[in-house]
Every structure is written in C-alpha cells, then in structure tokens.
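This report refers to the structure that appears directly beneath it.
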Amino acid sequence: MKIVTVLERVPIMLPMEGPMEQGARSMGEINYVTGDWIEEPTDDAFQEAALAVEKKGANGMKIPQILKDNTDAEIMIGTFCPFSEAIMKKSKNLRIIGVARGGVENVDLEAATQNGIAVFNAAGRNANAVSDFTVGMILSEIRNIAKCHHQIKEGVTKLRFPNSDFTPDMKGKTLGLVGFGNIGRLVAKKMAGFEVNILTYDPFLTQEAFEGTNVTLVEKEVLFRESDIVSIHTRLTKDTMNLVGEEEISLMKPHSYFVNTARAGLVDYQALYAALAAKKIAGAALDVYDVEPLPADSPWMQLDNVTLTSHLGGATYDAQANSPLIVYEKIKSFIKDGDTRHILNKKVLEDERLKKWADEMKAKM
C-alpha cells in the first residue's frame, strides 16, 4: 500500500511529520512518501494558500508537485492541500483521500465519487479548542480584557471603553448560537455555567433534539432579535455563504455582541463593520476575516469596539496532533470492520473498485 501525506504548516508550528507518519505506519506494511505542497513553505505562504483553497476550491488551484510525482498512491492525506478532479483522474490506484481537519473545501467530492475514491475527514477534531476559544473571545470583548491589556501596555491609566456605561454580567443574558454541531454544542455546555439563556438556529435540527436540554431552537430572526450575544458555529458552504447579512445584524440589540470563530464567508463583513462603526451594536470578537492575515491598514484596526485575533481558534497542540490520527482510525475502521459512517461521499460505496480494494487491504492488515 502506498500512502502519500502532505505536510503543511499550522499556526502553532506543530511538526506535523510525527502525527502524519504515526498514523500512516499504523496501517501496517506501507510505502510511505511525504513532503510539502507549497513551494516555499513559510507561515505566510501557507496562510495565503489555505485561504485561496477555501475560496477557489480544489479545482481552482495548481496541482501540487508531490501529488503529480506520486500518482500511483492508494491513499493521500493532507490538510488544506487541493485534491482536484485532475489529480484524481491521473491517480488510477487512489482509493482514499483523508483531510486532517473538519472542512473539505479542498476536495472535489463529486469527482472523488466518480473515480471510486472514499473521502474521510477529522470532523470534530478541534471542537474543544474552538469552543474554549469562543468562550474566551466572548469574555474578552464583553469585559474588555484584551483592550485593557493593550491600554495598560501603552501607558494609559484612565481606562475607558466603548461599553463602560453598560458592561454586563453574564448571568441572565441570552446567548444565540448560529449552528449547533460539535462546536456549538460544546459552547452551549461550557457557557451554561454562566447561567445564560441559550437559543440556537440550525435548520438541520428539530425541536425534539433539544428535549431535556437548556437550549431552545428558534428561527434565525428570533435569535438575532433576542440575543445579547450572537456566536457563529456553522460550516461554510455555497448555501451558507453570507448567512448573516445586513438584515440579521439590523435586528440585534444596541447593547449586543457578535462573535465569529467559524468562517468569514458566513458573514457580510461590510454590514458588520458598518454596524460597529455606527455603534448600532456594542461590539464584536472576530478570529476570521475576508483577507488573512489582516493588513496593517485594515479598517478593522480603527474600530475601538472589536477584539481581533488571527485565526487561532483551532490552534492547539492537542487538536493538531490528533487530527491525522483521527483520520487514520476512521480509514482503518472502514477497511477492517466495514464501518462506512465516516465516509463523506456515501455514493462511492456503490463503486466496485473501492469494494475490491478494501477487501484486498483487509486481507493484508
């Protein structure tokens, strides 16, 4: 079995060679190949490439050389590396693509299905990291923790903030979660200790899913109108692009806060900026942007009612180290036990090429 793993830099500079190779070696006797997909693998180059993949998709990117040099591979694993229709057609032996994160914008799923390739990801791998970070962002913006730190470092002694006249306690406030998947559920669980009321909007769930919980499912308009804090936790797809726009933001209370640790494309950032600049809402805490990293002359830098971080939500050692291992466990479960739950493109199970390959691999493992 030939496995190709594509190494990519992450914000905390975790040496991904270790977890990637550990996962690959757990597959048994293999021919293992690894390397970078970005020609100059610096932090800035990786950030730029990763953002480009999310915007353009797999087929809008140049085929990485490491994939072109290994078209005989049976398994390919990466994080943001683009797996396009073109490379799938060239890779006649390819049967598994693994993505060591939750999103799969870097994979042409339809092409994978047509070419008999099963796609796996590490769904939920950074749910703890992002939910922890979200709670921190909420507290930092509402209680001015980061702003206070900055002012003290700048030598300011008379501290004054945009919300100084109405800085709230958390108890009794209403938290609105847009999206109630792995991350949204953990945010709700962790925030429950603050004795907040929790609303959620998720069109894929019904009220029955919330029986016995402290969470109420509501329509999107209700959530934005009634929440003191709105936090975004849904996946970016063509259907959720600009899910939050001028209309939703206009419904928010004057003393409410907006938090986005998910994806910038979910929100009309021009509308959000206008609301913050006009003080129509109290503040925002943002970890993601239309352009990353934020340029020094970004208008966001001029606002005094935002907390800004640089896409750090999922950047913990634990989340990064576990991601490849999660993917490989799912792949092994499929081969050894026929567990198909984690295959993202279920229609591929009808393909005889995948069935034959899985049977052959099971006999060898």
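The values are calculated or read from the model by the stated rules, or taken from the named source; none is laboratory data. Source: prediction; values computed, not measured. No Cβ is skipped: glycine too gets one built from the backbone with ideal geometry, and neighbour counts run over all protein chains shown. SASA here: full protein model, heavy atoms, side chains in, ligands and nucleic acids out. Shrake-Rupley method; radii C 1.70, N 1.55, O 1.52, S 1.80 Å.
Taking the stretch 59-103, which residues are open to solvent by 20 Å² or more (accessible area, probe 1.4 Å), polar (S, T, N, Q), more than 15 Å from L7 (Cα to Cα) and over 23 Å from the mean Cα position of the chain (by Cα)?
Residues satisfying the conditions are T71, N93.
What about G116, is it modelled with pLDDT of 90 or more, buried (at least 19 other Cβ atoms within 10 Å of the Cβ) and at positive phi?
Values: modelled with pLDDT of 90 or more: yes; buried (at least 19 other Cβ atoms within 10 Å of the Cβ): yes; at positive phi: yes.
Criteria met by G116.
So if I check each of E211, E247, E195, E219, which one is open to solvent by 30 Å² or more (accessible area, probe 1.4 Å) and modelled with pLDDT under 95? So that I can check it myself, show each step before the final result.
Values: E247 fails: modelled with pLDDT under 95; E195 fails: modelled with pLDDT under 95; E219 fails: modelled with pLDDT under 95.
The unique qualifying residue is E211.
Pairs needed: first member in the stretch 187-214, within 24 Å of L236 (Cα to Cα); second member anywhere, open to solvent by less than 40 Å² (accessible area, probe 1.4 Å) and part of a loop (DSSP other than H, G, I, E, B); C-beta distance under 7 Å; at least 6 residues apart or different chains.
Short answer, once both residue conditions are applied: V187/H233; L199/V218; L199/S227; T200/F180; Y201/V218; D202/G179; D202/F180; L205/F180.
Select from the stretch 278-317 the residues that are among the hydrophobic types (A, V, I, L, M, F, W, C) and either assigned to a loop (DSSP other than H, G, I, E, B) or exposed (fewer than 14 other Cβ atoms within 10 Å of the Cβ) (or both) and list them in ascending order. Give the derivation first.
Filtering the stretch 278-317 for residues among the hydrophobic types (A, V, I, L, M, F, W, C) gives 278, 281-282, 284-286, 288, 291, 294, 296, 300-301, 303, 306, 308, 312, 315.
The answer is A278, I281, A282, V288, V291, L294, A296, M301, L303, L312, A315.
Restricting to the stretch 179-206, give me the number of residues that are aliphatic (A, V, I, L, M) and either over 22 Å from L266 (Cβ atoms) or assigned to a loop (DSSP other than H, G, I, E, B) (or both). Reasoning before the result, please.
At the first step, the residues of the stretch 179-206 found to be aliphatic (A, V, I, L, M) are 183, 186-188, 191-192, 196, 198-199, 205.
In the following step, the residues that additionally are either over 22 Å from L266 (Cβ atoms) or assigned to a loop (DSSP other than H, G, I, E, B) (or both) were identified as 192, 196, 205.
Adding up the residues that qualify gives 3.
Can we say Q270 is without any contact (Cβ under 8 Å) to a residue 12 or more places away in the chain and either open to solvent by 10 Å² or more (accessible area, probe 1.4 Å) or not aliphatic (A, V, I, L, M) (or both)? Steps first, answer last, please.
Details: without any contact (Cβ under 8 Å) to a residue 12 or more places away in the chain: yes; either open to solvent by 10 Å² or more (accessible area, probe 1.4 Å) or not aliphatic (A, V, I, L, M) (or both): yes.
Answer is yes for this residue.
A52 fails exactly one of the following numbered conditions: (1) of a type in the set (A, V, I, L, M, F, W, C); (2) at pLDDT below 90; (3) under 22 Å from Y328 (Cβ atoms); (4) within 20 Å of the chain's Cα centre (by Cα). What is the number of that condition?
Only one criterion in (1) of a type in the set (A, V, I, L, M, F, W, C); (2) at pLDDT below 90; (3) under 22 Å from Y328 (Cβ atoms); (4) within 20 Å of the chain's Cα centre (by Cα) is unmet by A52, namely (3).
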